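Asks: Sharing a structure here in structure tokens format.
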Amino acid sequence: MASIFNKAFRDSKRTMIWLSIGLGLYILMMMSIYPSLAEQADEISELMESYPEGIMRMFYSGDISEFNIVDPGIFLQTYVGTWGLLILGAIVIVQAFNAFTNAERDGTMDMTLSLPVSRRDLLVGRALNTAVTMLVVLAVCAVTVIVCAQIWPEFETDMVRVTIALLAGIFPLMVVAGFTYLLAVWVPSSRRFAGPIAYLFFFGSYLIYGLVGTVESLHWVQPLLLFDYYDIGGIINHGVDITNWLIMAAAAAVYFGLAWWLVDRKELGV
């Protein structure tokens, strides 16, 4: 397993570096506009009040009655957390399919399994690489926010909570990773529908969450969707909700557990 992880991590270094640089620059750019927003807080709040609630829910997953774009936690959730999570989720899906489905299609799976490596070692090593890669990128994002807060002191909030909130992004990302690895080891590589299902599971959850939030009779659907359990603004302003973390950890464990059980039963296309 260690050899699989080491190779996967080496292969992921370029992706990890460019993600860190890209998201770091994006955060820097977004944080640079915060002082201007703070100066015009009253005007912006008045403008936001005129926006339809449906539009606001597409950008903010917390309690919409508390929405205030100048609040540091809500600002990070709106401008950094949502888009960063969507980008990283897409990379997680790509990594999971590269580990199995694409490896079967390009013939590299045959070579890998000719070595003294079990299928389950391959799964655990690649999944561990996904987790470590995402944690590194999230840590870089947290450090970037902390540095930006020193550059622009108007962004005044608890940096410990900011760090925790950003690192907690690993929970929804591991749910997505577990679901995608499960698809990768369950669906034959000759089939072409696993990818769309994975992207629908993740991006569809985001879109549906925003849409059902505008219809009171459909609010019961929200707890069924991933984005109901990760709220950067909520963590920064109100502290950690351990229950949400446990739910996401349990979901990820179930998906990875099923993938671990099924991988030895998969008919590999090699």
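Asks: Before we move on, is Asp42 buried (at least 17 other Cβ atoms within 10 Å of the Cβ), charged (D, E, K, R) and modelled with pLDDT under 90?
Replies: It is false that Asp42 is buried (at least 17 other Cβ atoms within 10 Å of the Cβ), charged (D, E, K, R) and modelled with pLDDT under 90.
Asks: For the range 218-229, what are the residues that are aromatic (Phe, Trp, Tyr) and in a helix (DSSP H, G or I)?
Replies: Listed by number, the residues that qualify are Trp220, Phe227.
Asks: To continue, here is another question. Would you check which residues across the range 230-270 are of a type in the set (Phe, Trp, Tyr) and assigned to a helix (DSSP H, G or I) and list them?
Replies: Trp245, Tyr255, Phe256, Trp260, Trp261
Asks: Please give the number of the condition Asp158 fails out of (1) in contact (Cβ under 8 Å) with a residue 40 or more places away in the chain; (2) open to solvent by 30 Å² or more (accessible area, probe 1.4 Å); (3) closer than 14 Å to Thr82 by Cα.
Replies: Going through (1) in contact (Cβ under 8 Å) with a residue 40 or more places away in the chain; (2) open to solvent by 30 Å² or more (accessible area, probe 1.4 Å); (3) closer than 14 Å to Thr82 by Cα one by one, Asp158 breaks only (3).
Asks: Moving on. Among the residues of the range 143-154, which ones are surrounded by fewer than 19 Cβ atoms within 10 Å (Cβ to Cβ) and assigned to a helix (DSSP H, G or I)? Write out each step before concluding.
Replies: Going through the range 143-154, the residues surrounded by fewer than 19 Cβ atoms within 10 Å (Cβ to Cβ) turn out to be 143, 146-154.
Matches in the range 143-154: Val143, Ile146, Val147, Cys148, Ala149, Gln150, Ile151.
Asks: Just checking, does the range 127-142 include any residue being closer than 22 Å to Val70 by Cβ, assigned to a helix (DSSP H, G or I) and in contact with a helix residue (DSSP H, G or I) (Cβ under 8 Å, 6 or more places away or on another chain)?
Replies: Scanning the range 127-142, I find at least one residue that is closer than 22 Å to Val70 by Cβ, assigned to a helix (DSSP H, G or I) and in contact with a helix residue (DSSP H, G or I) (Cβ under 8 Å, 6 or more places away or on another chain), so the answer is yes.
Asks: Going residue by residue through the range 236-246, is there one that turns out to be among the aromatic types (Phe, Trp, Tyr) and at pLDDT below 90?
Replies: No, there is no match, as no residue in the range 236-246 is among the aromatic types (Phe, Trp, Tyr) and at pLDDT below 90.
Asks: Could you tell me which residue of the range 226-247 is surrounded by the most Cβ atoms within 10 Å (Cβ to Cβ), considering only residues that are of a type in the set (A, V, I, L, M) and over 21 Å from Leu76 (Cα atoms)?
Replies: Ile247
Rundown of residues vs (1) loosely packed, with under 15 Cβ neighbours inside 10 Å; (2) under 24 Å from Leu166 (Cα atoms), yes/no style:
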position	(1), (2)
Pro72	no, yes
Thr78	no, yes
Thr82	no, yes
Leu88	no, yes
Arg105	yes, no
Met109	no, no
Arg119	no, no
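Asks: Next question. Looking only at residues that are modelled with pLDDT of 90 or more and not in a helix (DSSP H, G or I) in the range 164-217, which one is farthest from Ile236 (Cα to Cα)?
Replies: Selected residue: Gly169.
Asks: Continuing with the same structure: Just to check your reading of the model, which residue among Phe193, Phe203 is touching a residue at least 60 places away in the same chain (Cβ under 8 Å), open to solvent by 20 Å² or more (accessible area, probe 1.4 Å) and of a type outside the set (Lys, Arg)?
Replies: Phe203
The values are calculated or read from the model by the stated rules, or taken from the named source; none is laboratory data. Please read these numbers as outputs of a predicted model, since none were measured by experiment. Here the Cβ is made from the backbone with ideal geometry for all residues, glycine too, and neighbour counts use every protein chain on show. These area figures cover heavy atoms from the full protein model, side chains too; ligands, DNA and RNA do not enter into them. Shrake-Rupley method; radii C 1.70, N 1.55, O 1.52, S 1.80 Å.
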